[in-house]
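The values are calculated or read from the model by the stated rules, or taken from the named source; none is laboratory data. Note that the structure is a prediction, hence the values are computed from the model and not measured. No Cβ is skipped: glycine too gets one built from the backbone with ideal geometry, and neighbour counts run over all protein chains shown.
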Amino acid sequence: MRYLFLITFFLTTLVAFNVELSSPQLANGQTIVAEFSKQKGIDYKTISVDKKRFPVFTHPQKENKQYALIPMSYYQQPVSKKIIINYAENGLERSKEMFIKVQDGKYKKEEITVNSSKVNPKSKEVKERISQEYNEAMRIYTTLTPKNYLDSKFILPLDSFITSDFGKARTYNGSLKGYHSGTDFRAEVGTSIIASNRGKVVLVKDRFYSGGTVLIDHGQGIYTCYFHMSAFSVVEGNIVEKGQKIGLSGQSGRVTGPHLHFAVRINGVQVDPLQFIELMNKNIFI
């Protein structure tokens, strides 16, 4: 069910301010879409949530619309969250406030046993490697490519049984705590992995925790991530099409066995990949 906010306010003239949200509420770790109807003299700029601004883009399929993605951090507590729509009216900077409700995702818990070397590494060299890989990935995730590579619905990177959902609170070897930042698909070593949608390959690398890794930039702040791979069929800089083979599944990095970890980042925020795909396929690529 889509949710329509219609706010009418007076400036020098009567302006109908139309913002359509995919939902008035979301769980921590989920995403919603805001769509704006284009109006003469109105230029929508960004949506602010706390201190973070999310850009407004031209809609990929509707000429009379603009849209923005609003991702919510996994660590956000339940609250009525204020969002600020920043726009210009006839060259004058304006803003309007709205509210969305953040709910508790009520994610399950699980205990994971992995090689102890992947839990609390002591080596200085390994710690430096982990830090460098983390910083490299965050530079990528927070890089906003204005170009949009998307023109059709997302697909899953393989057709397989899901072994672990996004958001599960995890305890590794009884001590290290975290949460599951993606969705795991059962996949024997050597299973073909495909791109979830069209985009540019921005990282192909063997990393300490995520093992064989491919990151794809779909433009406009959207990234898909493919972890624990055993072989690559792409190199950095490649433009890949939806469904194109990007490599083979494996059991590299911090794993309990062979599988594919599939993740999504929106403007640097880690979100539930399956909820994101359903959202985009129902609201943007109709």
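Which members of the range 233-262 meet the condition of being surrounded by fewer than 21 Cβ atoms within 10 Å (Cβ to Cβ), aliphatic (A, V, I, L, M) and either in contact (Cβ under 8 Å) with a residue 40 or more places away in the chain or not assigned by TED's automatic domain parsing to the domain that holds Ser152 (or both)?
Ile239, Leu248, Val255, listed by residue number.
Looking only at strands (runs of 3 or more DSSP E) that fall completely inside the range 13-108, which ones have 3 or more residues that are hydrophobic (A, V, I, L, M, F, W, C) and under 30 Å from Tyr179 (Cα atoms)? Spell out the reasoning first.
Values: elements: 14-21, 25-27, 31-37, 42-49, 52-55, 65-71, 79-89, 92-103.
Filter on the range 13-108 gives 31-37, 65-71, 79-89, 92-103.
Which of the following residues is surrounded by 14 or more Cβ atoms within 10 Å (Cβ to Cβ) and part of a helix (DSSP H, G or I): Ile216, Ile140? So that I can check it myself, show each step before the final result.
Working: Ile216 fails: part of a helix (DSSP H, G or I).
On inspection, the qualifying residue turns out to be Ile140.
Looking at the structure I just gave you, is Lys96 assigned by TED's automatic domain parsing to the domain that holds Gly247 and either of a type in the set (Lys, Arg) or surrounded by 14 or more Cβ atoms within 10 Å (Cβ to Cβ) (or both)?
Values: assigned by TED's automatic domain parsing to the domain that holds Gly247: no; either of a type in the set (Lys, Arg) or surrounded by 14 or more Cβ atoms within 10 Å (Cβ to Cβ) (or both): yes.
No.
Return yes or no: is Ile47 within 17 Å of Pro146 (Cα to Cα) and in contact (Cβ under 8 Å) with a residue 12 or more places away in the chain?
yes
Could you go through the range 179-188 and let me know if any residue there is without any contact (Cβ under 8 Å) to a residue 60 or more places away in the chain and more than 15 Å from the chain's Cα centre (by Cα).
no
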